[in-house]
1. Starting from the Kirkwood radius over alpha-carbon pairs of segment B:14-91, derive D by Stokes-Einstein at 10 °C in a medium of 1.306 mPa s and give it in µm² s⁻¹.
2. Where the centroid of each part is defined by its Cα atoms, how far is segment B:53-67 from segment A:95-111 in Å?
3. In sequence order, what are the phi-derived ³J(HN,Hα) couplings for segment A:27-36 according to the Karplus relation 6.51 cos²θ - 1.76 cosθ + 1.60 with θ = phi - 60°, rounded to whole Hz, with x for glycine and proline?
4. Karplus couplings for segment A:132-145 from phi (6.51 cos²θ - 1.76 cosθ + 1.60, θ = phi - 60°), rounded to Hz, Gly and Pro as x?
5. What residues qualify as long-range amide H neighbours of A:Cys27, i.e. H under 5 Å apart, gap of 5 or more or another chain, H built at 1.01 Å from N?
6. Work out, step by step, the length gained on full extension between A:Thr48 and A:Arg113: first 0.36 nm times the residue separation, then minus their alpha carbon distance; give nm to one decimal.
7. To the nearest whole number, what is the average tally of beta carbon atoms from other chains within 10 Å of the beta carbons of peptide B:13-22?
8. Which ordering of A:Val168, A:Val183 is given by a fewest-first count of other beta-carbon atoms within 10 Å?
Amino acid sequence: MGKGGSQLKLDGDGKPLWLVLELTYRCPLKCPWCNNPLDYDEIRNELTTDEWKRVLRDARKIGSLQLGFSGGEPMLRPDLEELVEEGDKLGYYTNLITSGMGLTKERLIELKRCGLKQIQLSLQHSNKKKNDVMVGVESFDEKMSVIEEIKSQGFPVVLNVPLSRYNVDAVDDIIDMAARTGVEYIEFANIQYYNWALLNRAALLPTIEQIEYAEERVNRARERLGKSLTIYFVVPDYFDGRPKACMNGWGAIHLTIAPDGSALPCQEAQVLDGVEFPNVRDHDLGWIWHQSPAFEMYRGNSWMKKPCVDCDEKEKDFGGCRCQAYLLTGDATNTDPACSKSRHFDIIQSAVEAARINQMPQMPLVMRSRGAINGKMKLIKP
Amino acid sequence: MTSSNAPFALNERPEINPVFLFRWEEQEQAYLLLYPEGIIKLNDSAGNILKLCDGERTIETIVAELKVLFGNDNIEGDVYNFMEVAHGKGWITAKA
């Protein structure tokens, strides 16, 4: 009767435990930190209902357990309920990751009936005006009534708050609002800088003092609220010199399917030029996960160079994030520059330093919208 | 911070916190607890205890059934220890 075993976590054992379906890149919001590709509007051939169902069945066969319906805004898919029902029937823990836009009472009731287990709802600020400006669309009132409706339908809620220098001041109020409405979890996720967020990094990246302030408020709230509200605070990798164990390693436990059926080891992976990601329309998912060149590319540590290859933390952080290495150093096999052992660490340090210097209140943000930037223009490399 | 040390009374009926999904997973040959941010794979004894936390059975009944299941009369302490841990982690609650 050992009780220690009860706390065993799954290490994946080579299975894609976490499956995320990005049902669409369409979204009514214009968040300037969106992690969808910069050329999202050029991807139109979304998988059909039957194709998504096949993905669900095939992923269960290779061990997927947690299922996230994401986007874009997944509520824009009228077949969401049908897919949730299929996922639940197959034994997944079904999560909906949504802005809340379009999440009507009728659809909530139907989603409940179809077996949806949990909802992750994004919120940007406790102040209506600030929230709406940040996402470029009037949405605050709708989000507030959606939270209440979700709670009255009895779903557990994770409130997802992407932290930037535009909402550090809202931490306390958001926590109070969550506690009042019976939300179970808040995730303050410091924005990770890819795609739209990277484009807007100079405006979004908080100072270290702002992050310390936010974390201190979170710790106070944890003491005050105890078990009734679980607050996650995702520490940003820019500030402590240690890279994140991105996706728990490439092709280790996470599988994302993009709207057009591209299979990805993480949601950002399409930023890697020259990697051909296999599509579920053309290939068997078991082959994609276990054998395809794209999923083998950075799996394990045989791809590593110095200093990663000699590092005693390589099993802990897997050299950090391949996408960040590529975006900031031009080579995905480099050490993540968020690591203080990287010879490119100065790139991160200078961004952090610039955040202190750039106190310009009206740094322009490029809102996520069609045609806002040209994602196809490539710099000519020297 | 937590009230995890509050022991269950013998006549209380523990149940799985509805935030968690508890079920058998054939591929893992184990009971799992699935919840919004994660997956917990339970060992055999933990799984068998939680299986009985259905909001119907009292602690007294659960212990009696487990004694039969494990063929061991001296398991009460272990069961209570596990339940305290499970309660502390928010996996189970006493049904009102």
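1. 123
2. Between the Cα centres of segment B:53-67 and segment A:95-111 lies a distance of 37 Å.
3. Once θ is set to phi - 60°, the couplings for segment A:27-36 become 7, x, 8, 10, 3, x, 10, 3, 9, 6 Hz.
4. Result, rounded to whole Hz: 5, 5, 5, 9, x, 8, 5, 8, 4, 4, 5, 4, 5, 6.
5. HN-HN under 5 Å from A:Cys27: A:Glu73.
6. Between A:Thr48 and A:Arg113, full extension yields 21.2 nm more.
7. 3
8. A:Val168, A:Val183
Bear in mind that the values in this text are calculations on the coordinates, not laboratory data. In this text, all values refer to a predicted model and were calculated from it rather than measured experimentally. Positions of Cβ are generated from backbone atoms using ideal geometry, with glycine treated the same way; all protein chains shown enter the neighbour counts.
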